[in-house]
Amino acid sequence: MHHLSITELAQGLREKQFSSVELTQNYLDRIQRLDGELNSFITVTPEAALAQAEAADAALAAGSAGPLCGIPIAHKDIFCTEGIRTTCGSRMLENFISPYDATIVKNYKQAGVVVLGKLNMDEFAMGSSNETSYYGPVKNPWDHRCVPGGSSGGSAAAVAALLTAGATATDTGGSIRQPASHCGLTGIKPTYGRASRYGMIAFASSLDQAGVLTRTAADAALMMNTLISFDPLDSTSVDAPLEDYNQSLATPVAGTTIGVPQEYFGDGLSVEVAAKVQEAIDEYEKMGAKIKEISLPHSNLAVPAYYVIAPAECSANLSRFDGVRYGHRCDNPKDLQDLYKRSRAEGFGDEVKRRILVGTYALSAGYFDAYYNKAQQVRRLIKQDFDEAFAEVDVIMGPTCTSPAFKFGAKGSDPVAMYLEDIYTIATNLAGLPGLSIPCGLVDSKPVGLQLIGPAFAEAKLLNLAHQFQQVTDFHRLTAPGLD
Ligand code: GLN
């Protein structure tokens, strides 16, 4: 039953082909059997999951169950969960148990889902390979020598290895779309402000956004229906009408204008990936879409602007981890300075420290205008590029990543090479736009993704176009070799 999509599982539960308890036990058994090798979970919660499954079975029997009731999912370990530890992939929060649920966790609880546990991730969501987690790297189910992508690598690997039906994730510069691409999944990051950030541990607050990783676009639509809510507890939450993303899945592609930015097909893109992406765009043309070449002239400035803004915001956000209020505290501090210094030195890993140093530098007097303000100006230009493009096209398509998943350690000694991994995904976050990745073929026997970017609040359109592609192709049905 783990091969079924969420949509099929929901139907199976209603037709009593299996119970939620059976389904949950099946996933728990798989986690126990396979995750020792993959390392996609940081915490597994079997007792709580089975209790939720029992409650879901009762609701299903009573006929009072919503569409996701009884479906097992797992949360990225960046979302606070009451009573269950939330590590954010860091030693700093190794023993942190949140006294409250993140809003999106609460939304899923109310929908009656079963939560299998908390998923591995790059430390504080900083990374593109899931190699910076304090809890060890996550393996890509398609090739255990390769990374699953980051920072939501645990979310992607767990869904791809059929250890959970779906997963929550976050995307600050590509962390949903990039692992979706590397693990052969559908991943969507909504418009900034669409999903609540309350209880989602902050990395770069003006860029962070929650989303989901699933096998199909229809599953993503179902999960998005619960993820999205207006939240007065998040001051950047948008009070816009809620949509049923299932409703528009069947809308035909014909009449859609797709923009293909020339800048997304330049140097650095693997020729094989480019060919797969082009074939996918051709598929849309066959379905009646109009294809238009466009330009996003400031694309090459997205990575440099992001790597000023994101570290600047992270240096402010992470100052709360001081060893006093919560999180790791060093033993026997000499004085207050020593407490701060050693708690932070011991609690944070190298990449997090690098970002804090860069961000603190960029924000310091004398450099603020030269770096931070300049980066914000560039951000505005990037947003304008998209505004101009969306005056002419409905959606933008291109590659999600430059290549399929790379080997562990391949970029380890070169942070800039790692930062360039998100070259096609980062501009979307800077502009606050929704982005989605769907599998569009295999290169070197590993999945690669097609990226769809829409104007603000075009989630329904992105899911619709992704679903239509999945009606005429089978890439989303491929599973990693050797999976039972
Ligand atoms: N790879 C990017 C970074 O390291 C983006 C991470 C993310 O989206 N959380 O910052």
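The values are calculated or read from the model by the stated rules, or taken from the named source; none is laboratory data. From a predicted model like this one, the values you see are computed outputs, not experimental measurements. Using ideal geometry, Cβ is built from the backbone for each residue, glycine included, and neighbour counts are taken over all protein chains shown. Only protein heavy atoms, including side chains, enter the accessible area calculation; ligands, DNA and RNA are left aside. Shrake-Rupley method; radii C 1.70, N 1.55, O 1.52, S 1.80 Å.
Numbers below:
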quantity	calculated
Candidates D171, D231 - the one that is modelled with pLDDT of 95 or more, within 16 Å of the ligand (Cβ to nearest atom) and among the acidic types (D, E)	D171
Condition check for M200: under 26 Å from N464 (Cβ atoms) and not β-branched (V, I, T)	no
So G184, is it within 16 Å of the ligand (Cβ to nearest atom), at pLDDT 95 or above and either open to solvent by less than 10 Å² (accessible area, probe 1.4 Å) or more than 20 Å from N120 (Cβ to Cβ) (or both)	no
Residue count for segment 8-43, restricted to those that are open to solvent by less than 60 Å² (accessible area, probe 1.4 Å) and either assigned to a helix (DSSP H, G or I) or closer than 22 Å to N95 by Cα (or both)	21
Residue in segment 463-482 that is within 26 Å of Q278 (Cβ to Cβ), open to solvent by less than 70 Å² (accessible area, probe 1.4 Å) and within 16 Å of the ligand (Cβ to nearest atom) present	no
Filter pass, C88 being outside any helix (DSSP H, G or I) and over 27 Å from S129 (Cβ atoms)	no
Spans of helices (runs of 4 or more DSSP H) in segment 294-377 with at least 1 residues within 16 Å of the ligand (Cβ to nearest atom)	302-317, 350-363
Within segment 156-168, tally of residues that are touching a helix residue (DSSP H, G or I) at 6+ places or on another chain (Cβ under 7 Å) and either farther than 13 Å from A220 by Cβ or within 16 Å of the ligand (Cβ to nearest atom) (or both)	9
Count of segment 369-398 residues which are touching a strand residue (DSSP E or B) at 6+ places or on another chain (Cβ under 6 Å) and open to solvent by 40 Å² or more (accessible area, probe 1.4 Å)	1
Subset of segment 414-452 that is away from the ligand (no atom under 16 Å from the Cβ) and small (G, A, S) - its residue that is farthest from the chain's Cα centre (by Cα)	S445
Residue that is nearest to the ligand (Cβ to nearest atom) [pool: residues in segment 112-137 that are more than 20 Å from G347 (Cα to Cα) and small (G, A, S)]	S128
Restricting segment 93-140 to residues that are in contact with a Gly (Cβ under 7 Å, 6 or more places away or on another chain) and among the aromatic types (F, W, Y), the residue that is nearest to Q25 (Cα to Cα)	Y135
Qualifying positions in segment 385-428 - more than 18 Å from L450 (Cα to Cα), in a helix (DSSP H, G or I) and among the charged types (D, E, K, R)	D385, D387, E388
Residue tally, condition of a type in the set (D, E) and either more than 14 Å from the chain's Cα centre (by Cα) or farther than 17 Å from V105 by Cβ (or both), over segment 75-95	2
